[in-house]
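The values are calculated or read from the model by the stated rules, or taken from the named source; none is laboratory data. From a predicted model like this one, the values you see are computed outputs, not experimental measurements. Glycine also receives a Cβ, built like all others from the backbone with ideal geometry; neighbour counts cover every protein chain displayed. Ligands, DNA and RNA are stripped out before the accessible areas are found, and what is left, the full protein with its side chains, is counted by its heavy atoms. Shrake-Rupley method; radii C 1.70, N 1.55, O 1.52, S 1.80 Å.
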Amino acid sequence: MKSAPAHARRKACRTAHDVQTRLATGAKTVILDSPPETTIELRDLPDGLTLRVEGSSRVQITDTTDRPEKRAPAIVITGAAHAQLFGHTRAHAYTTATVDAFDRTRVTAHNRASISAVDHALVLAGESTTVYAYDHAAVHAHDDAQVHATDDTRIVLHGNAHAAAARGVTIFGPARANVTVAAR
């Protein structure tokens, strides 16, 4: 198999077909920067892949394989990108990225990212992130993260992290006094 030229390897993908073509050539790093009016759907990305979703891209990623984090694809969502994650997807969100996490996804959030966690999703939130947690989601928040929670969610607060939680939400951690109880 012949390797793609260096300029082709660095060029951002704009469609799901572009991503699949890059994967077929054995690429280990793929950058996705698609038009915001298009939602790119990706499924079961290969082990060891680094996928960077940037710009104002919109992407849906589903990973049906439960595998150790060391082998799972590294997904980075940055800029003003919007991602919907399903299954056992693992991702990192930076800057002003927006992520909707479903099923058993795991998101590590930084900067001013905004995360909606549903089902059994797990969010590790730091800096000035905002998290909306529902169903049975779990959130570990530190720095100046803000968490808004309802249903049977579990929150662990550290540092200056704050939560607005409906009755029934379970809150742990050294900063558990930083909670406002919200009406359901």
Residues whose built amide H sits under 5 Å from the amide H of Val76, excluding neighbours closer than 5 in sequence, are Leu51, Arg52, Val53, His92
Placing each pseudo-label 7 Å from Cα in the direction of the beta carbon, Ala183 and Arg167 end up separated by a distance in nanometres of 1.2
With every protein chain kept in place and a 1.4 Å probe, region 1-134 has an accessible area per residue in Å² of 49
Put Ser116, Ser57 in order of accessible area, largest first, probe 1.4 Å, and you get Ser116, Ser57
In whole Hz, the Karplus estimates of ³J(HN,Hα) for region 27-40 (6.51, -1.76, 1.60; θ = phi - 60°; x where Gly or Pro) are 4, 9, 10, 10, 9, 10, 9, 9, x, x, 7, 10, 9, 8
Helix-only [θ] at 222 nm, the chain, -39500 (n - 2.57) per DSSP H run of 4+, per residue, nearest 500, equals -2000 deg cm²/dmol
Over its alpha-carbon atoms, region 1-100 yields an Rg and a Dmax in Å of 12.8, 39
Diffusion coefficient in µm²/s returned for the chain by Stokes-Einstein, Kirkwood Rh over C-alpha pairs, 20 °C and 1.002 mPa s, is 127
At R0 = 30 Å the Cβ-Cβ FRET efficiency linking Arg67 and Thr96, nearest 0.05, sits at 0.50
For the chain, the accessible surface attributable to carbon and sulfur atoms (probe 1.4 angstrom, ligands and nucleic acids excluded) amounts in percent to 51
On the formula 1/(1 + (r/R0)^6), with r taken between the Cβ atoms of Asp151 and Glu41 and R0 of 35 Å, the FRET efficiency rounded to 0.05 is 0.80
For the pair Lys11 and Ala24, the simple spin-label estimate (label points 7 Å beyond Cα toward Cβ) gives in nm 1.5
Taking Val181, Val156 and ranking on accessible area (1.4 Å, protein atoms only), highest first, one gets Val181, Val156
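From largest accessible area down, sort Asp66, Asp135; use a 1.4 Å probe on the protein chains.
Asp66, Asp135
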